[in-house]
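These notes are about the structure you will find just below.
The values are calculated or read from the model by the stated rules, or taken from the named source; none is laboratory data. Not measured: the values here are computed from a predicted model. Neighbour counts run over all protein chains shown; Cβ positions are idealised from the backbone, glycine included. Only protein heavy atoms, including side chains, enter the accessible area calculation; ligands, DNA and RNA are left aside. Shrake-Rupley method; radii C 1.70, N 1.55, O 1.52, S 1.80 Å.
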Amino acid sequence: MIQFLFQGGSGSHGPRAQALAAVTPGSKAADITTKPTQVKNLDTLAFWGHGDQFKLCGKSVNDLRSIISGWKRLNPGLKTIEIITCNSRHCTSGDPYAKRLKSSFGIMSGTRGLKVKALPTTVTGKLNAWSILLAETNGKSWVYITAPGKDDSMLMQATKLIQFTTNAAGKSVSFKGDIAQRADAMVREHRDRKWTMNYGYFNTLRATLGVV
């Protein structure tokens, strides 16, 4: 059993998390502010929201650990935490969010032994690197882009390849279609590149997660 918890409010990740739950057998989706409850056979909590080196779904490492602890206390079978977001594996110094969350688990919070899974690092590793997860619910397609750099300029260049296209008049317009297909075309077109793109459909997204 998987419980998806999404970041609501302005720019809500709810529709994407709900669409992911719809193609994930034995799962539910709820706002991250939902009070922890006992869920039969719950073994995985999956978080989807805005992410960076310091926060996930607007929560610090300590804040998120407290939320996880509450669910674990009511669901002793909980074994895995999944992080579906941008930049949880990358940082400009120290350790990225996902690693610090894993390192914070322990006996006192009842979180010892929990496995953490997140989207992959770029080929150059965690430091001075960036990532972004794009997803759309019409075709349920997604693209995860990573790039090295002291800033995110290369990442943004790659991201614009997905977000924009050129129309018949030669003007740049927003791309509204299947972004997995768009990513496939872009990686074939840009053979000499330092950025990476993983892409597919919602039923394959969680398979991209790796153990931290």
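So here's what we get for this one:
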| read-out | value |
| --- | --- |
| Residues within the stretch 144-180 that are within 17 Å of D52 (Cα to Cα), open to solvent by less than 60 Å² (accessible area, probe 1.4 Å) and hydrophobic (A, V, I, L, M, F, W, C), tallied | 4 |
| One residue from T122, T111 being open to solvent by less than 30 Å² (accessible area, probe 1.4 Å), assigned to a loop (DSSP other than H, G, I, E, B), touching a helix residue (DSSP H, G or I) at 6+ places or on another chain (Cβ under 6 Å) and over 16 Å from F54 (Cβ atoms) | T111 |
| Qualifying positions in the stretch 4-21 - surrounded by 23 or more Cβ atoms within 10 Å (Cβ to Cβ) and not in a helix (DSSP H, G or I) | F4, L5, F6, Q7, H13 |
| Index of the failed condition, G77 passing every other in (1) open to solvent by 10 Å² or more (accessible area, probe 1.4 Å); (2) closer than 22 Å to V143 by Cα | (2) |
| Tally, over the stretch 32-74, of residues that are open to solvent by less than 20 Å² (accessible area, probe 1.4 Å) and either on the phi > 0 side of the Ramachandran plot or part of a loop (DSSP other than H, G, I, E, B) (or both) | 5 |
| Filter result for F105 (at pLDDT 95 or above and more than 16 Å from the chain's Cα centre (by Cα)) | yes |
